Amino acid sequence: MRPAAFLLLVATATSLEAQNPVRTADPAVRGVPLTAFPRFVKLSDKVYGYEEIRQPGFTTVSLVVIGRNGVLVADGQGSVQATQTMLDKIKTLSPLPVKWYVVGSDHGDHTAGNSVLPKDIQFIVHANSLAQLKKDSAAAAAANRPAIVMPGAAMTSDTETIDLGGISVRVRFLGRAHTGGDLMVEVPSEKLLFMSEAYLNRVFPAMRSAYGAEWIRTIDNALALTNVDRFIPGHGFIEEAKVSREELIAFRESLVAVIAEVKRLKAAGLTVDQAIAQVNWGPYAKWFLAEQQSPIAIRRLWTELDGASK
């Protein structure tokens with residue numbers, strides 16, 4: 001498909017979907033065929049969200065910001081092929097090189113394809129994520145798995161401004177959430193915030209390496225930003241501004257409910273395995289990945305309540 005035709009298809013699909021969005025992370029329920037992915041969601045003339053499908057069938061989102069001096073990408077995709085496809089499709093938006101890469105999440109579903117990024121790209125990464133990537137790299141080497149691309153150095157403050165030429169972004173660390181080194185990208189001129197995996201739109205809270213109580217405070221910090229109208233998730237669908245705030249608040253409420261339920265089960269004197277068997281998530285049991293993520297969340301929060309996950 002020619003680039004112009006590709007962009008027209010994306011613009012048409014996004015426009016139709018925006019007229020009546022279904023509050024779900026499931027493309028089938030949302031009414032979006034898998035053949036629509038990967039796709040760009042235009043956020044402004046210089047900013048795009050990139051939605052790609054990962055197994056078992058929900059979106060992984062990257063952010064693309066285009067300036068006069070080059071392109072910034074926040075979060076990659078989960079394989080070399082998927083990340084290369086994203087880079088190829090970015091060329092349909094701009095011939096300029098991808099010069100900056102923000103590690104919003106250090107997890108493999110966002111970093112596993114980083115080996116195809118330009119060799120001279122500038123990484124922006126939090127110290128916590130850099131430390132985790134070093135651990136992952138050592139484990140990969142020990143297991144004879146492909147090497148993990150390592151950033152050179154971490155951010156030295158909680159906010160870093162990058163001038164792309166004609167548009168600037170603020171890379172922000174608002175607190176630990178899904179990974180411990182969660183970075184967000186604010187585009188002040190467009191009043192939007194890409195939150196990476198700190199915001200999972202209608203996806204059950206994934207807590208393999210999360211910090212539950214801190215995650216809630218991190219979302220509160222994002223909601224308190226006075227110049228942000230639109231919040232972009234790391235998984236789930238990109239929403240229009242009003243709905244994006246509503247859904248971020250809904251996700252925050254899911255975190256509160258999940259933590260409260262685990263506290264209830266622990267206070268009842270159950271073992272963690274008994275809690276996994278008896279948990280009642282209420283309406284969140286229907287959220288995407290609830291069955292898969294439920295025992296992981298319980299075990300992680302159990303250790304947090306014991307004071308073991310510092």
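Just so you know, all these numbers are worked out from the coordinates, no wet-lab data involved. Fair warning: this is a prediction, and the values are worked out from it, not measured in the lab. Quick reminder, even Gly has a Cβ in these numbers, built from the backbone with ideal geometry, and neighbours come from all protein chains shown.
If you check Ala250, Ala275, which single one turns out to be part of a helix (DSSP H, G or I) and either farther than 30 Å from Asp158 by Cα or acidic (Asp, Glu) (or both)? Give the steps one after another, and end with the answer.
Values: Ala250 fails: either farther than 30 Å from Asp158 by Cα or acidic (Asp, Glu) (or both).
Sole residue among the options that is part of a helix (DSSP H, G or I) and either farther than 30 Å from Asp158 by Cα or acidic (Asp, Glu) (or both): Ala275.
Every residue in the range 228-247 that is in a strand (DSSP E or B) and over 14 Å from the mean Cα position of the chain (by Cα), please.
Residues of the range 228-247 that are in a strand (DSSP E or B), as a first pass: 230-232, 235.
Within the range 228-247, Arg230 is the sole residue that qualifies.
Within the range 106-117, identify whether any single residue is more than 20 Å from the chain's Cα centre (by Cα), assigned to a loop (DSSP other than H, G, I, E, B) and farther than 20 Å from Pro233 by Cβ, and answer yes or no.
no
Could you please find all residues in the range 170-185 being among the aliphatic types (A, V, I, L, M), part of a loop (DSSP other than H, G, I, E, B) and touching a Phe, Trp or Tyr at 6+ places or on another chain (Cβ under 8 Å)? Walk me through how you get there before you give the answer.
Restricting attention to the range 170-185, the residues satisfying the condition of being among the aliphatic types (A, V, I, L, M) are 171, 174, 177, 183-185.
Filter once more, so that each one left must be part of a loop (DSSP other than H, G, I, E, B): 174, 177, 183.
Ala177, Leu183 - these are the residues of the range 170-185 that are among the aliphatic types (A, V, I, L, M), part of a loop (DSSP other than H, G, I, E, B) and touching a Phe, Trp or Tyr at 6+ places or on another chain (Cβ under 8 Å).
So in the range 82-120, with the set limited to residues that are of a type in the set (A, V, I, L, M), closer than 23 Å to Arg145 by Cα and free of Cβ contacts under 8 Å to residues at least 60 places away in the same chain, which one is surrounded by the most Cβ atoms within 10 Å (Cβ to Cβ)?
Ala82
Filter the range 278-308 for residues that are loosely packed, with under 15 Cβ neighbours inside 10 Å and either touching a residue at least 40 places away in the same chain (Cβ under 8 Å) or assigned to a helix (DSSP H, G or I) (or both) and give the result. Before you say what the answer is, go through the steps one by one.
Start the filter on the range 278-308 by keeping residues that are loosely packed, with under 15 Cβ neighbours inside 10 Å, which leaves 278, 280, 282-283, 285-286, 291-292, 303, 306-308.
Correct list: Gln278, Gly282, Pro283, Ala285, Lys286, Glu291, Gln292, Thr303.
Can you list residue pairs whose Cβ atoms sit under 7 Å apart, with the first residue in the range 188-204 being closer than 16 Å to Glu214 by Cα and the second being part of a loop (DSSP other than H, G, I, E, B) and among the β-branched types (Val, Ile, Thr)? Count only pairs 6 or more apart in sequence or on different chains.
Matching pairs, first to second residue: Glu197/Thr179.
Residue-wise test of (1) among the small types (Gly, Ala, Ser); (2) closer than 22 Å to Ala177 by Cβ; (3) out of contact with any strand residue (DSSP E or B) (no Cβ under 9 Å at 6 or more places or on another chain).
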residue	(1), (2), (3)
Pro27	no, no, no
Lys42	no, no, no
Tyr50	no, yes, no
Ala82	yes, no, no
Tyr101	no, yes, no
Ser115	yes, no, yes
Asp120	no, no, no
Ile124	no, yes, no
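Is there a residue being of a type in the set (D, E, K, R), more than 16 Å from the chain's Cα centre (by Cα), farther than 26 Å from Glu253 by Cα and surrounded by 16 or more Cβ atoms within 10 Å (Cβ to Cβ) anywhere in the range 137-158?
Scanning the range 137-158 turns up no residue that is of a type in the set (D, E, K, R), more than 16 Å from the chain's Cα centre (by Cα), farther than 26 Å from Glu253 by Cα and surrounded by 16 or more Cβ atoms within 10 Å (Cβ to Cβ).
So how many residues does the range 169-192 have that are crowded, with 16+ Cβ neighbours inside 10 Å and polar (S, T, N, Q)?
Residues flagged as crowded, with 16+ Cβ neighbours inside 10 Å and polar (S, T, N, Q) within the range 169-192 amount to 1.
How many residues are in contact with a His (Cβ under 6 Å, 6 or more places away or on another chain) and β-branched (Val, Ile, Thr) if we restrict to the range 61-89?
0
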